[in-house]
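Peer 1: After the structure tokens below, expect a handful of questions from me.
Values in this text are rule-based calculations from the coordinates and carry no lab data. No experiment lies behind these values; they were computed from the predicted model shown. Cβ sites come from the backbone with ideal geometry, for glycine too, and all protein chains shown count toward neighbours.
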Amino acid sequence: MKNVLCFTDVTLTYHTTRGETTAAEGLSFEVGEGEFLAVIGPSGCGKTTLLSLAAGLLAPSSGEVTRAGRCGYMLQKDELFPWRTIEKNIFLPLEIRREKEKNARSGAVELAKKYGLGDFLQSYPAELSGGMRQRAALIRTLAADPDILLLDEPFSALDYQTRLNVCEDVSKILRGEHKTALLITHDISEAISLADRVLVLTARPAKVAYSHTLDFGDVVSPLKRREMPQFSGWFELLWRELNA
Amino acid sequence: MKHSYSAEHARFLRKRRRKLALVWALRIGLLALFLGVWELVTALGWADPFLMSSPSRIAKTLASLYADGSLFYHIGVTLLETLIGFAISTVVGCAVALLLWWSETLKRVLEPYIVVLNALPKIALGPLIIIWFGTGAEAIVFMTVLVGVIVATMHMLTAFLSTDKNKLLLLRSMGASKLQILQKLVVPSSLASFISMLKVNVGMAWIGSIMGEYIVSRAGIGYLIVYGGQVFKLDLVMTATFLLCLLAAGMYFAVVLLEKILVKNEEN
């Protein structure tokens, strides 16, 4: 399996006038093509730092981060631009890339139609529900045709019911489009219900404490996974490892 | 649209309409009361109309200004100075704010100077302005720009700097250049602040132009006020003040209209 993202012995130190903080030390892991990797860690372990490193927005102090291809970043809130229609929002990454290709735009529109946003392309974000907006944000991320998706707790701003539904949506869309994804979350059950593999980070400075390949077989639906017997076993294990 | 409201909803709408009518009636009533009392106390001789003027004397003064053709001349002079000063200070203010947003270093270097310029009472520069620009309209426009530009700059810089951090992160993760971030995010998200800056700057422009006319002028509303004061024609002072109220309100509502046109899509 080809690696799309690879962290090799990454150390990152933040410098402020008050001193320096080591956010990550000797951090190594990789994400294979088509893999859905979830990363959990105690709060304040530098999860967002990790995503910034992965996206290339931060350079490591030492070590190496290699990426094969483009990243798509999805944040906690949808961050749709309120002055743009849904369609214009979805085109945003293409505009940034100065994509002249007409296919890219029609591809993005197709994607939106496929996942239930066809009737809302000319609507403004304020007219959509929270779940729909987050789905639009995912389509926007996918419109750039990224080789890896970086998901920064993309459901944490939603209420519980919407959250389960959007989680289901995202899983279906990402699996359906055969995307590679790196999910960062503090929600253990979300990690278990979505991922192929889960990494547990240590407290700051972050490094990989445990890595587990989940055994749900072909079951990729988060809701179905939650009903399976091994779900609670994984939850208990990860809970203990997080609090160790 | 066909209406099929419930009786309760109809009552609710009626109540709202009544409330609105009441507010308007009170607004107009208040003005009428003020003018009526003013007219009455001067007509009955309780207050000296020579010092207090009165609504009827203001109307007479307006009529005579109109008759000798100087009414629209003075309005035109002041309006033009104000509009030019307003436009220049808005454009320069936005441009400087953009520059300061672009360069963090430049912003930090210039910050103390901007603070001092903002705190400085611009009227203190009056003598310098007369010497540099003479006693024509240029001096007044310069004063107007001076009063407005710093406020416009600071207002817009605050708006640019308060751009949503997460949206910035999102654009950077898409590989956006600084220019693209400016075009796609910083400028459009500052629209509401731009409008509120225009509203503030309308007031600033009037302060600037009237202040300028106090210092140097041979025409304009500010000139009428100063001249009226010097020759003790308080009717003229009051009339000019009344005109100023109308003009400032008119310009403010022009900005409100602009806001309605520009901000129609952003419901939230």
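Peer 1: With both partners inside the protein assembly as shown, how many of the DSSP beta bridges are antiparallel, as a percent to the nearest 5?
Peer 2: Around 50 percent of the beta bridges assigned by DSSP in the protein assembly as shown are antiparallel ones.
Peer 1: Taking 0.36 nm per residue of sequence separation and subtracting the Cα-Cα distance, how much length would be gained by fully extending the chain between residue A:208 and residue A:110, in nm to one decimal?
Peer 2: Length gained between residue A:208 and residue A:110: 31.4 nm.
Peer 1: State, to one decimal in nm, how far the label point of residue B:44 lies from the label point of residue A:236, with both points 7 Å from Cα in the Cβ direction.
Peer 2: If labels sit at residue B:44 and residue A:236, their model points lie 9.3 nm apart.
Peer 1: Over the whole of B:172-181, what's the average partner chain Cβ count within 10 Å per residue? Rounded to a whole number, please.
Peer 2: Taking all residues of B:172-181 together, the mean is 6.
Peer 1: With n ≥ 4 as the cut-off for DSSP H runs, can you work out [θ] at 222 nm for the protein assembly as shown, using -39500 (n - 2.57) per run divided by the number of residues, rounded to the nearest 500?
Peer 2: That calculation yields -19500 deg cm²/dmol at 222 nm.
Peer 1: Then there's this: Averaging sequence separations of C-alpha pairs under 8 Å and six or more residues apart, then dividing by the length of segment B:56-262, give the relative contact order as a whole percent.
Peer 2: 30 percent
Peer 1: Moving on to the next point. Normalised by the residues of segment B:1-109, what does the relative contact order come to in percent, with Cα pairs under 8 Å and at least six apart?
Peer 2: So the answer I get is 9 percent.
Peer 1: Shielding of B:165-171 by partners, i.e. mean partner chain Cβ atoms within 10 Å per residue?
Peer 2: 6
Peer 1: Right, next: In nm, give the distance between the simple-model label positions of residue B:108 and residue B:168, each being 7 Å from the Cα along the Cα-to-Cβ direction.
Peer 2: Rounded to a tenth, the inter-label distance reads 1.5 nm.
Peer 1: On to the next question. Taking Cα centroids, how far is segment A:103-167 from segment B:113-182 in Å?
Peer 2: So the separation of the two Cα centres works out to 39 Å.
Peer 1: Label points 7 Å out from Cα along the Cβ direction at residue A:178 and residue A:219: separation in nm?
Peer 2: 2.6 nm
Peer 1: Excluding residues on the same chain fewer than 8 positions from residue B:260, give the lysines whose Cα lies under 19 Å from its Cα.
Peer 2: Answer for residue B:260, where 19 Å is the Cα cut-off: B:199, listed by chain and number.
Peer 1: Any lysines with Cα under 17 Å of the residue B:178 Cα? List them, leaving off those in the same chain fewer than 8 positions away.
Peer 2: B:107, B:165, B:167
Peer 1: Take the Cβ-Cβ distance between residue B:80 and residue B:14 as r, set R0 to 51 Å, and report the resulting FRET efficiency rounded to the nearest 0.05.
Peer 2: 0.60
Peer 1: Here is a follow-up. What order do you get for A:186-195, A:168-177, B:108-117 when each peptide is scored by the mean count of other beta carbon atoms within 10 Å, highest first?
Peer 2: A:186-195, A:168-177, B:108-117
Peer 1: Excluding residue A:191 itself, what net charge comes from residues whose Cβ is under 14 Å from its Cβ, given Lys and Arg +1 and Asp and Glu -1?
Peer 2: So the surrounding residues net to -3.
Peer 1: Could you tell me which helices of chain A pass both thresholds, a Cα extent of 15 Å or more along their own axis and a mean Kyte-Doolittle hydropathy of at least -1.0, with helices taken as whole DSSP H runs? Before the final figure, lay out each step's value.
Peer 2: Values: long enough: A:86-96 (16 Å, 0.72); A:102-114 (18 Å, -0.85); A:130-143 (20 Å, 0.06); A:160-176 (24 Å, -0.42); A:230-242 (18 Å, -0.08).
Span-like helices in chain A: A:86-96, A:102-114, A:130-143, A:160-176, A:230-242.
Peer 1: List residues of segment B:95-125, by number, whose backbone nitrogen lies under 11 Å from a label position 7 Å along Cα→C-beta of residue B:132.
Peer 2: Flagged as within label range: B:125.
Peer 1: Give me the inter-chain shielding for B:68-81: mean count of other chain Cβ atoms within 10 Å, whole number please. The partial results should precede the final answer.
Peer 2: Working: counts 0, 0, 0, 0, 0, 0, 0, 0, 0, 0, 0, 0, 0, 0.
Counting Cβ atoms of other protein chains within 10 Å of each residue's Cβ and averaging gives 0.
Peer 1: For chain A, what relative contact order do you get, as a whole percent, if you take Cα pairs closer than 8 Å and at least 6 residues apart?
Peer 2: On the way: 471 pairs, mean separation 66.7, N = 244.
With pairs under 8 Å counted, the relative contact order is 27 percent.
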